[in-house]
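Worksheet: the structure to be examined is printed underneath.
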Amino acid sequence: MAPKAVYIHIPFCTNKCHYCDFTAYVVDGQPVEDYLAALEREMELTVAEVPPGEIETVFIGGGTPTVLNPQQMERLLLSIRTYFPHWSNEWEFTIEANPGTTGEELLEVMQAGGVNRISFGAQTFRPDLLQKIGRIHGVEDIYRSVEQARSVGFDNISLDLMFGLPHQTLQDVQKTLIEALKLEPDHFSCYSLKIEEGTLFHHLYERNELPLPPEEEELAMYQWIRSNLPRYGYIQYEISNFSKPGKESRHNSIYWLNEEYYGLGAGAHGYMNKVRHANVKGVKEYIHQVQHGKRPVLERHEVNAQEEMENFMILGLRMLKGVSCTRFYSLYHKRIEEVYGSVIERLVEQGMLTVQDDRIALTEKGLIYGNEVFASFLI
Amino acid sequence: MDRREKLKMIRNFSIIAHIDHGKSTLADRILEYTGALSEREMTDQYLDKMELEKERGITIKLQSVRLKYKAKDGQEYILNLIDTPGHVDFSYEVSRSLQACEGALLVVDAAQGVEAQTLANVYLALESDLEIIPVINKIDLPSAEPERVKQEIEDVIGLDASEAVLASAKAGIGIEEILEQVVEKVPAPSGDPDAPLRALIFDSYYDSYKGVIVYMRVVEGTVKKGMKIKMMSTGKTFEVTEVGAFTPHPVLMDELSVGEVGFIVAGIKNVKDTRVGDTITDANNPATEPLPGYRKITPMVYCGMYPVDSSEYDDLREALEKLELNDASLTYEPETSSALGFGFRCGFLGLLHMEIIQERIEREFGIQLITTAPSVVYKVYQTDGSVLDIENPTLMPPPQKIDHVEEPYVRASIMVPNDYVGTVMELCQSKRGQYVDMKYIDTNRVNLIYELPLAEIVYDFFDQLKSGTKGYASLDYELIGYKPSNLVKMDILLNGEVVDALSFIVHRDRAYHRGRALVEKLKKLIPRQMFEVPVQAAIGNKIIARETIKAIRKNVLAKCYGGDVSRKRKLLEKQKEGKKRMKSIGSVDVPQEAFMAVLQVDDNK
């Protein structure tokens, strides 16, 4: 069956944040037009190989997709419509945006092109902290951008927040959340900072110059977020994600359900016909390869049956509702106990998993020690 | 040629040198000079065969080579160069290979002078009445002081160094003169070719096609193909199927007679049947007396070896079986640990020997090991009058059953520059050493003699000696027997449970300090678990130190990786891999380093 989801990567940013190790390049001087042309060509090459059916979700991520000007955005959205023409009635189309990068004209173009969800990278509401992590937007930008998006008619808005940042305290997180709640977004993603190699933060960390909050405090931040968001009507449906009822990210859910998706653009990952692939990261190389009529794939990995089951577990358990045993059986024609009986038994004994009717899910404890649980499912 | 005539043309010699003083390079040059190896075959240090030996720059297995040398007097001589291992762990092997020679080259570094190790081996050579030819090597170094070193050889060893060869093995200087002196000064072997066979075994090697290949020196009589031979210490008999010598390629010969060095193959299945130092004789016409000096080698150091993955127990046994084929001094016996499961208690000649075996098992057989800290053999005199040999601290009887305990002592000879004498004496004192003697070698250097418990040498003595003297001190030691000591067994508890594999025996006076230091060290080595883990040190029921490993508070990836599942997997796989390297004891994951931690606790801090 053809993938029902499309991911498109825009590897450009106005600047690089100190913690970011995603494929993203400062946009000045980048061949944006050529890149968009190449994307279009990649779509053409890809759908020729794997013809699309009805598309349920599209996600444009980055980088910062909203560094595109309205004309460029219009072009991109048009190409998506061209190569993925059939959309489900209930489609979800998300664009990631940085506060302060979404002018009215751009918002209108987005809406006209079918975008119906915006995910703003707010990160924190403490102005000096925004600066310290290398963001260039201010707190004011967050308010203005969200309001503007609403006035244009967007009614599904998500905010990304980060915790565990250097210099950040539990109190900061509390204040940030209270501020963010005033905007009444439909969805929150709350990510903890992870120090990745090759970032400025990693460099500082190695030199012992990154004052990260202690582990206990970081845990307290997470627990505070988890216990308070529900009081405002947000349901935690995944380790880092909270939403108003019915506003869960359907695109991300496709990842967590281990379903397939198209992945397009430099550095993008895709999963089609049981093959996971990663695209080349460099913009120039990406353009070059596509211009020569080649799909710009850097790595290709055929997922075998065992790995598929592993992924099913480690991704599925991220969702608080957990995994479905009958779905496991219908996909792999093996009972889950047959494959993972002893692992599940041990984890239940350790208080990390619960088994209820058809579902296996993380407990409160399992949520905190998620990696221990997931690692157990790798055979 | 008549056997007696042939005898006159033979010269058997070995090379004595401190590690790094250039023994292997010199051996290579000699091979090259006599044309034994073509240039194509001249890989560096031909005699050091094993990969590990090359890496560590030391010789473990012996080699012997038969060379032809046309001397300046126009005659062709047969030179047998017998290599010796270069580490104190193998001093018995050294003594046996020296026994097979009439002469030795004493190689001394022109900059560093005589070292304790060299000295010890020179004494061994002198005991065997060897003709010693001093060679001052590395004379091309800017820091070379050949005159000072000559003087030192005369003062310290009492050898005439006036004709010492000034050489540089690396640069190929002095090789011919060395060979000339060998021909001239080393006596030809003597002995009766018609007497009953007596041949000295100085090494053996297991070949999977031929069985054991015995390296030996014929002292009297002749050994031939088809002959029935007998090992004099075991009485076992074999039939000789091959006789030959290494040139260094193996070459088959009709016979080996008096004075000759070579190998025999005799359908021997186990190296344990060919004990180093044993005498081979003619089974049908046996000699009455074996050659002197045979000693059964007993391991000095023991440790437990366990597979990390308990399903690899059989693989580990097979690995040990295979290694044993080639290593008569390795012993092993199955043992069980409540913490580590099924494994083996293995005996070694010393720490280096232990490390080599450990590395070979991991490298050549791909088995991940947990090894417990090495222990010496204690003699426990029980109140009922019986005596136990305790090589595993866990097996120590309870205190009320012990009358007293004895531990092995060594006589250590430490050669050290003047400036460090104070430091070394302090170190020896802190390691429970008893001062015996101090000799000035020259105005700069001193030879200190101490009696020390072997356990302290096994512990960290050598490392501390090296670091305390900026590497200038050298050490040699020999076992001198057992002495009573006030020793106690220390247990380590993890999460309230005694971990038998972490128990060790320690002198009562430093038990408290070492216990405390060890729990601190373990706290650092054992990764945090999902729960708090107390680490305690106890003597009997008395807890003497306690630390707590704090619980890990969270381990979750609250990060957005989008569709990149491979990154998530890599992270989890790394985590899982890390766990695989650890042994789960009770519910605590303990890494290999923890079992060795007792060796890394510094008594002086």
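The candidates B:389, A:358, arranged from most to least accessible area with a 1.4 Å probe in the full protein assembly, appear as B:389, A:358. From the residues B:234, B:276, B:211, which one has its Cα farthest along the dipole of the stretch B:198-282 in the positive direction, the dipole being from +1 and -1 charges on Cβ of Lys/Arg and Asp/Glu about the Cα centre? Projecting each Cα onto the dipole axis, the largest value belongs to B:234. Amide H contacts of residue B:308: B:368, B:369, B:370, each under 5 Å away and 5 or more positions distant or on a separate chain (H built 1.01 Å from N in the peptide plane; Pro and chain starts excluded). Using the Cβ-Cβ distance between residue B:296 and residue B:355 with R0 set to 25 Å, the FRET efficiency from 1/(1 + (r/R0)^6) comes to roughly 0.60. Restricting attention to the stretch A:5-256, close to 20% of DSSP beta bridges with both partner residues there are antiparallel. Sorting A:281, B:150 by accessible area puts them as A:281, B:150; the probe is 1.4 Å, largest comes first, and only protein heavy atoms count. For the stretch B:522-527, 3J(HN,Hα) computed residue by residue from phi via the Karplus equation (6.51, -1.76, 1.60; θ = phi - 60°) reads 5, 4, 6, 7, 8, x Hz, glycine and proline entered as x.
Divided by 2.2 N^0.38 Å, where N counts the residues, the Cα radius of gyration of the stretch B:323-410 comes to 1.27. Between residue B:584 and residue B:208, the FRET efficiency estimated from the beta carbon spacing at R0 = 45 angstrom works out to 0.75. Between residue B:402 and B:383, the built amide H atoms are under 5 Å apart, and every one of these is 5 or more places off in sequence or on another chain. Between the listed residues B:453, B:402, B:465, the Cα displaced farthest toward the positive end of the dipole of the stretch B:387-497, a dipole computed from Cβ unit charges relative to the Cα centre, is found at B:465. Here the Karplus curve 6.51 cos²θ - 1.76 cosθ + 1.60, taken at θ = phi - 60°, turns the phi angles of the stretch B:216-227 into couplings of 8, 10, 7, 9, 9, x, 9, 10, 10, 4, x, 6 Hz, with x standing for Gly and Pro.
By the equivalent-ellipsoid construction on the alpha carbon gyration tensor, the stretch B:307-364 comes out with semi-axes of 19, 13, 11 Å, ordered largest to smallest. Between the beta carbons of residue B:73 and residue B:4, assuming R0 = 25 Å, the FRET efficiency works out to 0.80 to the nearest 0.05. Seen from all directions on average, chain A presents a Cα convex hull projection of 18.6 nm².
With respect to chain B, whose longest principal axis is taken over its alpha-carbon atoms, helix B:421-430 is tilted by about 50°.
When B:472, B:206, A:232 are compared by accessible area of protein heavy atoms, the largest-first order is B:472, A:232, B:206, using a 1.4 Å probe. Roughly what % of Cα-Cα distances in the stretch B:385-485 sit above 24 Å, to the whole percent? Value for the stretch B:385-485 (Cα pairs over 24 Å): 31 percent. Amide H contacts of residue B:338: B:500, each under 5 Å away and 5 or more positions distant or on a separate chain (H built 1.01 Å from N in the peptide plane; Pro and chain starts excluded).
Approximating the spin labels as points 7 Å out from Cα along Cα→Cβ, the residue B:368-to-residue A:69 distance works out to 5.7 nm.
Filter A:16/A:284; B:68/B:272; B:230/B:296; B:489/B:521; B:68/B:210; A:194/B:570 down to the pairs with a C-alpha to C-alpha distance above 22 Å, please. From A:16/A:284; B:68/B:272; B:230/B:296; B:489/B:521; B:68/B:210; A:194/B:570, over 22 Å: B:68/B:272; B:68/B:210.
At the nearest 100 Å², what buried accessible area, both sides summed, do you get for A and B when the probe is 1.4 Å?
Summing both sides, the interface buries roughly 3200 Å².
Modelled this way, with points 7 Å down the Cα-to-C-beta line, the labels at residue B:190 and residue A:208 are 7.1 nm from one another. In this view, the solvent-accessible surface of residue A:16, computed with a 1.4 Å probe and all protein chains in place, comes to about 80 Å². In the assembled protein chains, residue B:425 presents an accessible area of approximately 60 Å² (probe radius 1.4 Å). Working note: Cα atoms of the stretch A:311-379, range along each principal axis, descending, whole Å: 31, 22, 20.
The shape of the stretch A:192-311 comes out oblate: with a ≥ b ≥ c from the C-alpha gyration tensor, a/c is at least 1.5 while a/b does not beat b/c. Over the stretch A:223-379, accessible surface divided per residue gives 43 Å², non-protein components excluded, 1.4 Å probe.
Taking every protein chain into account, the 1.4 Å probe leaves residue B:310 with about 80 Å² of accessible area, to the nearest ten. Here the relative contact order of the stretch B:489-600, from alpha carbon pairs under 8 Å that lie six or more residues apart, stands at 26 percent. If the Kirkwood radius is taken over C-alpha pairs of the stretch B:267-383, then at 37 °C and 0.692 mPa s the Stokes-Einstein diffusion coefficient equals 204 µm²/s.
Note that the stretch B:440-451 has calculated 3J(HN,Hα) couplings of 7, 7, 8, 6, 9, 10, 10, 10, 9, 10, 10, 9 Hz, one per residue in order, obtained from phi through the Karplus relation 6.51 cos²θ - 1.76 cosθ + 1.60 (θ = phi - 60°); glycine and proline are x. Volume of the convex hull of the protein assembly as shown (Cα atoms only), normalised per residue: 229 Å³. Which of rounded, prolate, oblate describes chain B, given a ≥ b ≥ c as roots of the alpha-carbon gyration tensor eigenvalues and a/c under 1.5 marking rounded, otherwise prolate only if a/b is larger than b/c? Judged from the Cα gyration tensor, chain B comes out prolate (a/c at least 1.5, a/b above b/c).
By accessible area, using a 1.4 Å probe on protein heavy atoms only, the protein assembly as shown has 48% of its surface on carbon and sulfur. Quotient of the Cα radius of gyration of the stretch B:489-600 and 2.2 N^0.38 Å, N being its number of residues: 1.29.
The values are calculated or read from the model by the stated rules, or taken from the named source; none is laboratory data. Just so it is clear, the structure is predicted and the values come from calculations on it, not from any experiment. Counting neighbours? That spans all protein chains shown, and the Cβs are built from the backbone with ideal geometry, glycine included. What goes into the accessible areas is simple: the full protein's heavy atoms, side chains included, and nothing from ligands, DNA or RNA. Shrake-Rupley method; radii C 1.70, N 1.55, O 1.52, S 1.80 Å.
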